[in-house]
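Right, one structure below, let's go through it.
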Amino acid sequence: ASVTKVMTMLLIFDALAEGKIQLEDEVTTSEYASSMGGSQVFLETGEKQTVETLLKCISVASANDACIAMAEYISGNEEEFVRQMNLRAEGLGMKHTHFVNCNGLDAEGHETSARDIALMSRELLLKYPEIHNYCTIWMENITHVTKQGTKEFGLANTNKLLKMAADFQVTGLKTGSTSRAKYCLSATAQKDGIRLIAVIMAAPDYKARFSDARNLLSYGYARCRLYEDKEKIPLPEMKVAGGVKENVLLEAEGTFTWLSTEGEDLGKIEKKLELAEQMEAPLARGERAGMIAYYMDGEKLGELPVVTAEAVEKAGYIDQLQKLFGKWAGFRNKAA
């Protein structure tokens, strides 16, 4: 059903990121786009709306006509856009998905799985977090400007989970329903730094899909705990061979996090510093020197790269003489 539009929106954001289109671009509605049934915002043939407005129509009101308008604007026609949807799905490892259209209306061979919906939802959320600016809109008006004049049209979010009480924050993402698919939902939420996705398909009614999604997310947050290493191991200086400096400063690259899904005791996580004995000049900043490895019960959970925090140039002939002179002077001072 209309959860299909997660992929449609992903391709729209891809086109924005690649500079093919801009949010301010005006898109002209074709006769074919205006003929779409089901969920729609009643775009009229020849009507112009910006890319951003059409994104809102798709995300908030699940507008089938807006999907066709955007597909034609990006790819020239819906068939080519759908081909790109299937290529994107293949690239994400969506093994049980085949798109026939860009809006989710019932069609033979238009199918997917709960896992595949989760995969494309995750890609959209991770790559384009700005989707939250659209899918969390509760109500907003758009303006139709046609030959018949100017009129306001209200968008109302189809994702009622946004307003349902829960001990986590609902952040999206997309509903869908047709007579064949029944009631579907890709629900996303966040709590304590953890973001989860729950996918519901073929629920018997719209209330069940929201209730089931909330129960799944509650279960997920009851099971999941996030480990974040905020107190990293103090790092020594690394010896440098043949450099203008004998040692180089080190730093950890980023912050290590690990998601527990089985109720593990995060206090049992052990950290081990694993470094090379020395490095050879010249060195650029950010060169790999080793890692901080994280273990639980002897099993490695992951690692955090340790890199050089500064550059060290290779020592020349004069530099070597200065080092020797410095060591000789130091030896004489100790002898005196």
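The values are calculated or read from the model by the stated rules, or taken from the named source; none is laboratory data. This structure is a prediction, so every number in the text was calculated from the model and none was measured. Here the Cβ is made from the backbone with ideal geometry for all residues, glycine too, and neighbour counts use every protein chain on show. Please note that ligands, DNA and RNA were not included when accessible areas were found on the heavy atoms of the full protein model with its side chains. Shrake-Rupley method; radii C 1.70, N 1.55, O 1.52, S 1.80 Å.
Summary table
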{"quantity": "Some residue of segment 29-47 being modelled with pLDDT of 95 or more, out of contact with any Lys or Arg (no Cβ under 7 Å at 6 or more places or on another chain), under 21 Å from TYR134 (Cα atoms) and of a type in the set (D, E, K, R)", "calculated": "no"}
{"quantity": "Spans of strands (runs of 3 or more DSSP E) in segment 213-313 with at least 3 residues crowded, with 17+ Cβ neighbours inside 10 Å", "calculated": "288-296, 299-308"}
{"quantity": "Where a residue in segment 79-107 is aromatic (Phe, Trp, Tyr) and its partner, wherever it lies, is open to solvent by less than 60 Å² (accessible area, probe 1.4 Å), with Cβ under 6 Å and at least six apart", "calculated": "PHE81/ALA71; PHE81/SER75; PHE81/CYS102; PHE99/VAL82; PHE99/MET85; PHE99/ASN86"}
{"quantity": "Residues located in segment 108-167, provided they are assigned to a loop (DSSP other than H, G, I, E, B), of a type in the set (A, V, I, L, M, F, W, C) and either in contact with a Pro (Cβ under 6 Å, 6 or more places away or on another chain) or touching a residue at least 24 places away in the same chain (Cβ under 8 Å) (or both)", "calculated": "ILE137, TRP138, MET164, ALA166"}
{"quantity": "Any hit, segment 168-175, residues being open to solvent by less than 30 Å² (accessible area, probe 1.4 Å), out of contact with any Lys or Arg (no Cβ under 9 Å at 6 or more places or on another chain) and farther than 30 Å from ARG285 by Cβ", "calculated": "yes"}
{"quantity": "Odd one out for LYS207 among (1) outside any strand (DSSP E or B); (2) touching a Ser or Thr at 6+ places or on another chain (Cβ under 9 Å)", "calculated": "(2)"}
{"quantity": "Filtered residue count, segment 168-180, keeping only those that are in a loop (DSSP other than H, G, I, E, B) and out of contact with any Ser or Thr (no Cβ under 8 Å at 6 or more places or on another chain)", "calculated": "2"}
